[in-house]
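The values are calculated or read from the model by the stated rules, or taken from the named source; none is laboratory data. Computed from a predicted structure; not experimentally measured. Virtual Cβ from ideal backbone geometry, glycine too; neighbours counted across all protein chains shown. With ligands, DNA and RNA removed, areas are computed over all heavy atoms of the protein, side chains included. Shrake-Rupley method; radii C 1.70, N 1.55, O 1.52, S 1.80 Å.
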Amino acid sequence: MKPPYTIEVMINHLRQLVINSTILFVVLFAISYAEAAPLKVLHLSLSAAETGFDPVMTSDLNTAAIEEQIFEPLLTYDYLVRPVKLVPRLAQGMPVITDHGKTWLFTLKKGVYFSPDPVFKGKRREVRAQDVAYTIMRFMDPKNRSPYKFLVDHKIVGLDQLGERAKKTGHFDYDANVPGLEVVGPYQLKIHLTGTDYNFGHAMAQPMFGIVAREVIENYAGDTASHPVGTGPYMIGKWIRSASISLIKNPNFRDEVWQFTSTDPSDQDIIRRMTGKKIPQIDEVDLQIVEESQSAYLSFLKGELDVFGVPGQFAPIVLTGNQLKPKLKEQGIQLTRLVDPAITYYFINIQDPILGGMSVQRIALRRAILMSINDEEMIRVIYKGQAFREAFPIPEGVNGHDQHYQSLIQYNPKEANDLLDTMGFMRGSDGYRRQPDGGPLYVKYTTSLTSQDRDLEEIMKKSLDHIGIHFVSEKLKFPEIIRAERQCRVAMRLSSWIADYPDGDNFMQLWYGPHTHENNASCYQNSQWDKLYEKTEMLPDSPERDDIYKQLARLLEIDGVTKVSTSHIRNVLIQPWVVGYKAHPILPSTWSYLDIDTKQEAH
């Protein structure tokens, strides 16, 4: 039997109807909103695995590209302006520089918070000036063995002394007073340099100097590279090591809008479509580790990747001359090109038991090996014309470049063979040479695992065969190569370096003796070279400094340490639904400045 329909029952029924209607409205609104504003995901590939996300320890471009989005330094580079121009990032404005470039006063933006992390116990953690001082100090801690220590080495008053004490005691005192890192107030840091340096701002724009929180570093001691906590527009979402990385929006990121300007006519469409939009527009950056370029290109053609950096060997497939193939143009795919401020260079490890040492015989051996390499063949066969011969260690577009420099080490297998004969590296009955004492002679050549690396190996083997030296292949994953280089275990390799900032010092530091186990992969130790380099650190961009750079380049050739090989043209394909893309010569990534036109996106 039904209960009587009382007033109380009627009121309860009405309440339930209201609740149900509200739930239905919320659900319908959510569905409607989801249909109106689908999730924006930028799909990208990386050619090599990440090496971990502690900025102080980073040296590879792929990892730096991700850290650019997670961490923020004091300064950065304007997205559109060329030549590149420093602008504030975490700083409220550009630093106040006094005392002839020796004192730099930085004022931080207020209301900048680190991304959420359990270390903060549910509270928002604001960035303060002390965090900046701590971040800079970490570069001098011997335990971190930072490859970017050179940016502050011998430059900040009292910081070197603190590092030297730590080497002796085994403990870096982060509570010590460093005169050169003066915390003026909660949001102001005054940096006192040991000498005039008007380029110091470039150091403070590097993603490696992205600000970190001391309590995070100390809480995750020993595993800091697995726990990146920064202030950038993105934070790590899902991470499958050496396979895939998802970046998601940092919920604590401040309100910033896209407001870049440029007088370049080619930038005006980007400006029209992006100005006033909140940064970032893209909800997620999906990064897949795809070591083989063929696989990445096929994924791009299917619309599964939004941006594709074209390797040299793919140039004939996508380009006719310097123009995009008509078939790709018809699909709305865009092409952007620029000359990278970068070099590829062969280095030989001076500490290697077979190739190393500074005896006349070993120097002659290394020079002969470098003379056997045909760079023009590499440009033609491997890079398909998307590179050009570069002999100087400082590339085009970077202060200190010398376009007229002529290398002593030219491709000349006949002269290389004559030199080896003269020095007693005689051929055996098998046609291959032995050391003057009769011991085995070979070059262990290290590469990664890609198809391009296999092609490079073939050219290298052919070069060594021409001068009668055995070729031994060592294949490692990219993170393993970096570790081996820092331990001086790579005998010979074709490496590359792209400008972190547009100054020659960023390149010449690659052979500075004290940077062994950091960036000096050749493990080169020459007091004469080091003294000359140290002199350039005290000089501005000038003809005097350029003259010393030429001496340094010549010494590298005389000692058979390095042969600069090529510079490259960067070709990038962009899907038609990607909005706002412009290749940047310095910034390792610009994903937070982009948008996705979801109406045009492939499905």
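Things to note:
- Among beta bridges that DSSP assigns inside the chain, antiparallel share in %, nearest 5: 80
- Cα-Cα P(r), the chain, percent of pairs per 10 Å interval: 3, 15, 24, 24, 17, 8, 4, 2, 1, 1, 0, 0
- 20 Å reach of a label modelled at THR194, 7 Å along Cα-to-Cβ, counting backbone N of the range 85-104: 98-104
- Annotation: lysines with alpha-carbon distance below 23 angstrom to LYS121 (same-chain offsets under eight excluded): LYS110, LYS238, LYS249.
- The range 493-541: relative contact order in percent, alpha carbon pairs under 8 Å with at least 6 residues between: 26
- Two-decimal Rg/Rh across the range 113-245, once Rg and the Kirkwood Rh are taken from alpha-carbon atoms: 0.97
- Value of relative contact order over the range 155-248, rounded to a whole percent, pairs C-alpha under 8 Å and six or more apart: 16
- Length gained on full extension, GLN294 to ALA243, computed as 0.36 nm times the residue gap minus the Cα-Cα distance: 16.7 nm.
- Residues with amide H under 5 Å from that of GLY237, placed H, sequence gap 5 or more: SER246, LEU247, ILE248
- Applying the Karplus relation 6.51 cos²θ - 1.76 cosθ + 1.60 with θ = phi - 60° to the range 92-100 yields 3J(HN,Hα) values of 5, x, 5, x, 8, 9, 9, 6, 6 Hz, where x marks Gly and Pro.
- Principal axis dimensions, the range 442-482 - Cα atoms, whole angstrom, descending: 32, 18, 10
- Over all pairs of different C-alpha atoms in the range 325-422, the reciprocal of the mean inverse distance, the Kirkwood hydrodynamic radius, equals 16.5 Å.
- Kirkwood-type radius of the range 553-603, with distances r between different C-alpha atoms, in Å: 14.7
- Phi to ³J(HN,Hα) by Karplus 6.51 cos²θ - 1.76 cosθ + 1.60 over the range 403-411, Hz, x for Gly, Pro: 6, 9, 5, 10, 6, 6, 9, 9, 5
- For the residues HIS466, HIS568, HIS584, a 1.4 Å probe over the protein chains yields an accessible-area ranking, largest first, of HIS466, HIS568, HIS584.
- Restricting the calculation to Cα atoms, the range 96-151 shows an Rg/Rh of 1.07 when the hydrodynamic-style radius is the Kirkwood one.
- Solvent exposure of the range 47-151 as accessible area per residue, Å², 1.4 Å probe: 36
- Computed over the range 200-279, the Cα gyration tensor eigenvalues convert (square root of 5λ each) into semi-axes of 31, 17, 13 Å, ordered from largest to smallest.
- Solvent exposure ordering (accessible area, 1.4 Å, most first) of ARG362, ARG454: ARG454, ARG362
- Average accessible surface area per residue within the range 496-603, 1.4 Å rolling probe, Å²: 31
- Exposure of HIS404 as accessible area (Å², to 10), given a probe of 1.4 Å and all protein chains: 140
- Whole-angstrom Cα spans of the range 171-245 along principal axes, big to small: 45, 29, 24
- Rg(Cα)/(2.2 N^0.38 Å) for the range 464-532, N = residue count: 1.30
- For THR275, the accessible surface of its heavy atoms amounts to roughly 80 Å² (probe 1.4 Å, protein chains only, rounded to the nearest 10).
- Candidate lysines - alpha carbon under 27 Å from LYS444, same-chain residues fewer than 8 apart omitted: LYS384, LYS414, LYS461, LYS462, LYS475, LYS477, LYS563
- Largest first, the three principal axis extents of the alpha carbons in the range 451-603 are 61, 45, 27 Å in whole numbers.
- Each of ASP197, ASP437, ASP465 has its accessible area taken with a 1.4 Å probe; listed largest first, they run ASP437, ASP465, ASP197.
- For the chain, the relative contact order comes to 19 percent (Cα pairs under 8 Å, sequence separation of at least 6).
- Working note: 222 nm ellipticity from helices only, DSSP H runs with n ≥ 4, each -39,500 (n - 2.57), summed and divided by the residues of the chain, gives -9000 deg cm²/dmol to the nearest 500.
- For the range 218-368, the calculated P(r), taken from all Cα-Cα distances in 10 Å bins from zero up to the bin holding the longest distance, is 8, 20, 26, 25, 14, 7, 0 percent.
- Under the span-like rule (Cα at least 18 Å along the axis, Kyte-Doolittle mean at least 1.6), DSSP H helices of the chain: none
- Selection among LEU555, ILE569, HIS517 by position relative to the dipole of the range 509-603 gives ILE569 as farthest towards the positive end (Cβ unit charges, Cα centre).
- Shape parameters for the range 517-603, alpha-carbon atoms, Rg then Dmax in Å: 21.2, 62
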